[in-house]
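Reading through the structure tokens given below for one structure.
The values are calculated or read from the model by the stated rules, or taken from the named source; none is laboratory data. Just so it is clear, the structure is predicted and the values come from calculations on it, not from any experiment. For neighbour counting, all protein chains shown are included, and Cβ atoms are generated from backbone atoms with ideal geometry for every residue, glycine included. Accessible surface is based on the protein model in full, side chains and every heavy atom, while ligands, DNA and RNA are left aside. Shrake-Rupley method; radii C 1.70, N 1.55, O 1.52, S 1.80 Å.
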Amino acid sequence: MLKPIFDSHAHYDDAAFDDDRDVVLSGLPGRGICNVINCGADLDSSLASIQLAADYPYLYAAVGIHPECVKDAPENYPEQLEELLHRDKVVAVGEIGLDYHFEDNAPRDVQKAAFETQILLAEKHRLPIIVHDRDAHGDTMEILRKHKPSGVVHCFSGSVEMAMECVRLGMYIGLGGAVTFKNARVPVEVAAAVPLERMLMETDCPYMAPVPFRGKRNDSTLIAYTAARIAEIRGITAEELLTVTRQNAETLFHIG
């Protein structure tokens, strides 16, 4: 029996769970899941995350404006987010960051301003951040160096060198299903190099399901497959990996 699994990044408010959300979430504790952080992407999904945290004792909420959603955020979103930070079981500001992959996202300077605004909110309330970084490694690192926030770079997609710099800045590295993919050379290198005490396990569900479920709906139980692969890479047991990454998540998010 695997040790309890802490999923540090999920989106159970996503429409992919509309047909069976309660069935899935009610069943997770009996399938080895001890805690989940459900992450907001805009004000509506942040509110949905807070409601899920109220409904399920093991689940906690992060609230924030995702870089893909910055262009649609109301002007007073910082004030609205700050009100949400006072709600029960809100443990982080996220998912926030930079995404230069899609041309129709907000301009880069607008994204960077929103990222920094939300980092300052997190610092004010002594909360960690959950960072989204897609095709924006340079600017992401520049902002992290400037602020040195507490938090995690989720679904980490950078190099080993970038991962180690994040660790030196005091950040955690979130690893998920990508490490199991067939051509996952760099994620495997990162999984081997990151100090175990700075690693978190995550799904990003319903996305990023590990092999052999790639392309299907992800959920927190599938972390077992990701953990098995990382444990193999590192020459440890999956139980040891899950124990340490659970403790890391409890430390970062001040749970337990």
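Against the criterion of being out of contact with any helix residue (DSSP H, G or I) (no Cβ under 6 Å at 6 or more places or on another chain), open to solvent by 30 Å² or more (accessible area, probe 1.4 Å) and assigned to a helix (DSSP H, G or I), L120 qualifies. Scanning the range 192-226 for residues that are more than 16 Å from the chain's Cα centre (by Cα), of a type in the set (A, V, I, L, M, F, W, C) and assigned to a helix (DSSP H, G or I) yields A192, A193, L196, A224. Residues of the range 174-231 that are open to solvent by less than 30 Å² (accessible area, probe 1.4 Å) and modelled with pLDDT under 95: A184 alone. Scanning the range 1-60 for residues that are among the charged types (D, E, K, R), in a helix (DSSP H, G or I) and within 22 Å of G174 (Cβ to Cβ) turns up just one, R31. When the range 26-45 is limited to residues that are of a type in the set (G, A, S) and over 14 Å from the mean Cα position of the chain (by Cα), the one that is surrounded by the fewest Cβ atoms within 10 Å (Cβ to Cβ) turns out to be G30. Taking the condition open to solvent by less than 40 Å² (accessible area, probe 1.4 Å) and in a helix (DSSP H, G or I), does V70 pass? Yes, satisfied. From the list P78, P74, the one residue that fits, being at pLDDT 95 or above, within 15 Å of L47 (Cβ to Cβ) and either over 12 Å from the mean Cα position of the chain (by Cα) or of a type in the set (A, V, I, L, M, F, W, C) (or both), is P74.
To keep it simple, each residue is scored yes or no on (1) over 20 Å from D219 (Cβ atoms); (2) outside any loop (DSSP other than H, G, I, E, B); (3) hydrophobic (A, V, I, L, M, F, W, C).
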| position | (1), (2), (3) |
| --- | --- |
| G158 | yes, no, no |
| A163 | yes, yes, yes |
| V179 | no, yes, yes |
| N183 | yes, no, no |
| V186 | yes, yes, yes |
| E189 | yes, yes, no |
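When I65 is tested against (1) surrounded by fewer than 24 Cβ atoms within 10 Å (Cβ to Cβ); (2) closer than 18 Å to N105 by Cβ, exactly one condition is not met: (1). Screening E103, E95 for residues that are within 18 Å of the chain's Cα centre (by Cα), among the acidic types (D, E) and not in a helix (DSSP H, G or I) leaves exactly one candidate, E95.
If you check A114, A122 for being touching a residue at least 40 places away in the same chain (Cβ under 8 Å) and either touching a Cys at 6+ places or on another chain (Cβ under 9 Å) or within 21 Å of K71 (Cα to Cα) (or both), only one passes: A114. Residues in the range 129-147 that are surrounded by fewer than 22 Cβ atoms within 10 Å (Cβ to Cβ) and in contact with a helix residue (DSSP H, G or I) (Cβ under 7 Å, 6 or more places away or on another chain): H137, D139, M141, I143, H147.
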